[in-house]
1. Kindly provide the set of residues from segment 36-46 that are open to solvent by less than 30 Å² (accessible area, probe 1.4 Å) and either over 13 Å from Val13 (Cβ atoms) or touching a Leu at 6+ places or on another chain (Cβ under 7 Å) (or both), ordered by number.
2. When you check Glu115 against the structure, is it over 14 Å from Asp12 (Cα atoms) and open to solvent by 70 Å² or more (accessible area, probe 1.4 Å), yes or no?
3. Could you tell me whether segment 119-132 includes any residue that is open to solvent by less than 80 Å² (accessible area, probe 1.4 Å), of a type outside the set (D, E, K, R) and assigned to a loop (DSSP other than H, G, I, E, B)?
4. Write out, first by first residue and then by second, each pair whose Cβ atoms fall under 7 Å of each other, whose residues are 6+ apart or on separate chains, and whose first residue, in segment 55-69, is within 19 Å of Glu115 (Cβ to Cβ) while the second is outside any helix (DSSP H, G or I) and of a type in the set (Phe, Trp, Tyr).
5. Of the numbered conditions (1) surrounded by fewer than 18 Cβ atoms within 10 Å (Cβ to Cβ); (2) touching a residue at least 60 places away in the same chain (Cβ under 8 Å), Ala103 satisfies every one except a single condition; which is it?
6. Restrict the check to segment 73-80 and report whether at least one residue is over 13 Å from Val13 (Cα atoms), hydrophobic (A, V, I, L, M, F, W, C), part of a helix (DSSP H, G or I) and open to solvent by less than 20 Å² (accessible area, probe 1.4 Å).
7. Look at Pro89 and say whether it is at pLDDT 90 or above and open to solvent by less than 60 Å² (accessible area, probe 1.4 Å).
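The values are calculated or read from the model by the stated rules, or taken from the named source; none is laboratory data. A quick note: this is a predicted structure, and the numbers were derived from the prediction, not measured. Reconstructed Cβ throughout: ideal geometry from the backbone, glycine too, with neighbour counts over all protein chains shown. The protein model used for the area step is the full one, side chains on, heavy atoms only, and it has no ligands, DNA or RNA in it. Shrake-Rupley method; radii C 1.70, N 1.55, O 1.52, S 1.80 Å.
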Amino acid sequence: MDDWPESAVLLDVSLGDAGEFDRATLERMGHPVLVCHGPSAEAPCRLLGGDGCPKFEQAHGIVFKLDLGRDQHRQIVRRYRQLARPDVPIRVLATPADAERYAELLQDVEVWTHEPNVADLDGFAAEVEAADRLW
């Protein structure tokens, strides 16, 4: 991760095209966004298998929108926090009920219980840029 590009690369981890957040907003702010559509039965998450993930390795910030009711998806959130630098911003989109149910899992990440709006994304991008400057 020492050779990061000038602009922060953000990783959108979401289920299918319908699950993506408004990545165009971040891209207009000059932040490239990589997309991972999450694990499938045929292709489990490479981070959980210990194989590493090129998209994760490039990420300066992560927006996670998978189903926290699925064990594998909860394991991915845990793995992100274990492998990422402590200052890498991670946002998890969750229902209010899931935010409460999985509060212990989510204690080290920021939780959005609503679709992120422009202000949320702008704040996230600013946090990513600040973390990059400190690193």
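1. Gly38
2. Numbers: over 14 Å from Asp12 (Cα atoms): no; open to solvent by 70 Å² or more (accessible area, probe 1.4 Å): yes.
When the stated conditions are applied, Glu115 does not pass them.
3. The answer is no, given that none of the residues of segment 119-132 is open to solvent by less than 80 Å² (accessible area, probe 1.4 Å), of a type outside the set (D, E, K, R) and assigned to a loop (DSSP other than H, G, I, E, B).
4. Val63/Phe21; Lys65/Phe21; Leu68/Tyr102
5. It fails just one condition, (2).
6. Initial filter on segment 73-80 (over 13 Å from Val13 (Cα atoms)): 75, 78-79.
Checking the rest, the ones that are also hydrophobic (A, V, I, L, M, F, W, C) come to none.
No.
7. So Pro89 fits the description; yes.
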